[in-house]
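Novice: Before anything else, here's the structure in question.
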Amino acid sequence: MKVIKKVKDLREVLKVYKKEGRTIGLVPTMGFLHKGHASLIKRAVSDNDIVVVSDFVNPIQFGPNEDLDAYPRDIEADSKLCESLGADFIFNPDPSEMYHDKKAFVDIEGLSDNLCGARRPGHFRGVCTVCTKLFNIVGSDRAYFGQKDAQQLSIIKKMVGDLNIPVEIIACPIVREDDGLAMSSRNTYLTSKERKAALCLSKAIFAGEKMAKEGASVKEVLTKIEEIISAEKLAKIDYISAVDLETIKDVDDFSKATLVALAVYIGKTRLIDNFIYEV
């Protein structure tokens with residue numbers, strides 16, 4: 001397992017495997033890898049001959065008052081995990097390698113206007129730009145994304161289709177801690193008291209999903225989720241919404257595949273969670 005920091009070097013080494021007809025899987029991450037990332041890497045290893053894990057805290061998807069500088073980083077631990085799981089390469093470029101004198105960006109209309117996109121202006125422009133660059137640099141056959149970032153996943157799928165990028169996007173299930181909390185690198189920000197309080201997210205998601213499956217309306221589900229979150233004193237709701245999974249537009253019934261998503265501040269830490277109701 002090798003760590004590569006230069007675009008040119010990664011392209012050169014992958015060129016050999018492509019000539020041999022080997023399949024390449026890409027797992028885009030911002031590093032500080034946890035079991036959720038591990039599940040993506042394991043799936044990529046099982047599906048492909050060669051696996052590249054990008055380990056890059058992407059500065060252009062952070063807003064001016066967000067946690068770019070504080071975002072956790074540990075390339076040594078990430079390297080050990082990737083090697084243990086069978087990944088072949090980590091791509092760990094410096095920001096200057098990815099964005100030297102950059103003037104071109106990739107954006108998407110519509111799907112970024114709601115949920116996290118509405119609260120984090122420019123976030124998905126940064127996500128689309130870095131993913132497009134990674135797809136072009138690696139030239140992978142498949143790329144793996146977690147369902148926890150459900151809006152991001154919908155946007156990447158749409159972007160790849162609209163721009164005719166020849167990569168298959170593979171969605172992988174949310175991975176949770178034993179007590180239900182969705183795994184996130186930002187969980188490390190939580191104090192022990194906040195960590196306990198954060199369980200209101202998964203508690204609300206599980207309750208809402210159960211109600212939806214039992215025939216409750218969208219309004220009833222959202223009301224129940226809000227009640228559970230609001231009962232936690234350390235929680236501050238950013239949004240709780242039900243949207244069409246493809247368009248990310250608000251819905252008032254479960255007649256189509258529906259994403260029920262929430263973002264909640266626990267103290268100063270913003271966490272997200274969701275479930276998908278399939279018709």
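The values are calculated or read from the model by the stated rules, or taken from the named source; none is laboratory data. Here the structure is a predicted model, which is why all the values come from computation and not from measurement. Glycine also receives a Cβ, built like all others from the backbone with ideal geometry; neighbour counts cover every protein chain displayed.
Novice: Looking only at the range 210-224, decide whether some residue is under 20 Å from ASP149 (Cβ atoms) and either crowded, with 19+ Cβ neighbours inside 10 Å or touching a residue at least 24 places away in the same chain (Cβ under 8 Å) (or both).
Specialist: Scanning the range 210-224 turns up no residue that is under 20 Å from ASP149 (Cβ atoms) and either crowded, with 19+ Cβ neighbours inside 10 Å or touching a residue at least 24 places away in the same chain (Cβ under 8 Å) (or both).
Novice: For residues that are assigned to a helix (DSSP H, G or I) and buried (at least 17 other Cβ atoms within 10 Å of the Cβ), tally how many sit in the range 225-248.
Specialist: Of the residues in the range 225-248, 3 are assigned to a helix (DSSP H, G or I) and buried (at least 17 other Cβ atoms within 10 Å of the Cβ).
Novice: If you don't mind, there's one more thing I want to ask. So if I check each of SER154, SER140, which one is surrounded by 18 or more Cβ atoms within 10 Å (Cβ to Cβ) and assigned to a loop (DSSP other than H, G, I, E, B)? Don't jump to the end; show me each part of the working.
Specialist: Details: SER154 fails: assigned to a loop (DSSP other than H, G, I, E, B).
Step by step, each of SER154, SER140 is checked, and only SER140 is surrounded by 18 or more Cβ atoms within 10 Å (Cβ to Cβ) and assigned to a loop (DSSP other than H, G, I, E, B).
Novice: Could you run through the range 49-75 and say how many residues are more than 17 Å from the chain's Cα centre (by Cα) and charged (D, E, K, R)?
Specialist: 3
Novice: Are there any pairs, at least 6 apart or on different chains, whose C-beta atoms fall under 6 Å, with the first in the range 4-19 and touching a residue at least 12 places away in the same chain (Cβ under 8 Å) and the second surrounded by 15 or more Cβ atoms within 10 Å (Cβ to Cβ) and assigned to a helix (DSSP H, G or I), and if so, which?
Specialist: These pairs meet every condition: ILE4/LEU10; VAL7/ILE137.
Residue by residue, here is whether (1) of a type in the set (Ser, Thr, Tyr); (2) in the same structural domain as ILE108 (by TED's automatic domain parsing); (3) touching a Ser or Thr at 6+ places or on another chain (Cβ under 9 Å) holds:
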site: ASP179; (1), (2), (3): no, no, yes
site: ALA198; (1), (2), (3): no, no, yes
site: LEU201; (1), (2), (3): no, no, no
site: GLU220; (1), (2), (3): no, no, no
site: SER241; (1), (2), (3): yes, no, no
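Novice: Specify the residue that is surrounded by the fewest Cβ atoms within 10 Å (Cβ to Cβ); the eligible residues are those in the range 171-206 that are among the β-branched types (Val, Ile, Thr) and closer than 25 Å to LYS249 by Cβ.
Specialist: Let us first name the residues in the range 171-206 that are among the β-branched types (Val, Ile, Thr), namely 174-175, 188, 191, 205.
Now restrict to residues that are closer than 25 Å to LYS249 by Cβ: 174, 205.
On the way: ILE174: 19, ILE205: 23.
The extreme case among them is ILE174.
Novice: Just give me the residues in the range 97-118 being under 19 Å from the mean Cα position of the chain (by Cα) and either surrounded by 14 or more Cβ atoms within 10 Å (Cβ to Cβ) or outside any loop (DSSP other than H, G, I, E, B) (or both), in sequence order.
Specialist: Residues satisfying the conditions are VAL106, ILE108, LEU111, SER112, ASN114, LEU115, CYS116, GLY117, ALA118.
Novice: While we're here: Which of the following residues is touching a residue at least 24 places away in the same chain (Cβ under 8 Å) and over 24 Å from THR188 (Cβ atoms): ASP273, ASP244, ASP250?
Specialist: When all the criteria are applied, what remains is ASP250.
Novice: Just to check your reading of the model, which residue among PHE124, PHE206 is touching a Ser or Thr at 6+ places or on another chain (Cβ under 6 Å), assigned to a helix (DSSP H, G or I) and over 18 Å from LEU40 (Cβ atoms)? Before you say what the answer is, go through the steps one by one.
Specialist: Values: PHE206 fails: touching a Ser or Thr at 6+ places or on another chain (Cβ under 6 Å).
So the residue among PHE124, PHE206 that is touching a Ser or Thr at 6+ places or on another chain (Cβ under 6 Å), assigned to a helix (DSSP H, G or I) and over 18 Å from LEU40 (Cβ atoms) is PHE124.
Novice: Could I ask something else about it? From (1) outside any helix (DSSP H, G or I); (2) of a type in the set (Asp, Glu); (3) touching a residue at least 60 places away in the same chain (Cβ under 8 Å), pick out the condition that doesn't hold for GLU194.
Specialist: (1) is the only condition that GLU194 fails.
Novice: Residue under question is THR191, and the condition is that it be of a type in the set (Ser, Thr, Tyr), modelled with pLDDT of 95 or more and outside the structural domain of LEU234 (by TED's automatic domain parsing); does it hold?
Specialist: On the way: of a type in the set (Ser, Thr, Tyr): yes; modelled with pLDDT of 95 or more: yes; outside the structural domain of LEU234 (by TED's automatic domain parsing): no.
Judged against the criteria, THR191 is not a match.
Novice: Can you find a residue that is within 19 Å of VAL167 (Cα to Cα), in contact (Cβ under 8 Å) with a residue 40 or more places away in the chain and surrounded by fewer than 21 Cβ atoms within 10 Å (Cβ to Cβ) anywhere in the range 33-40?
Specialist: no
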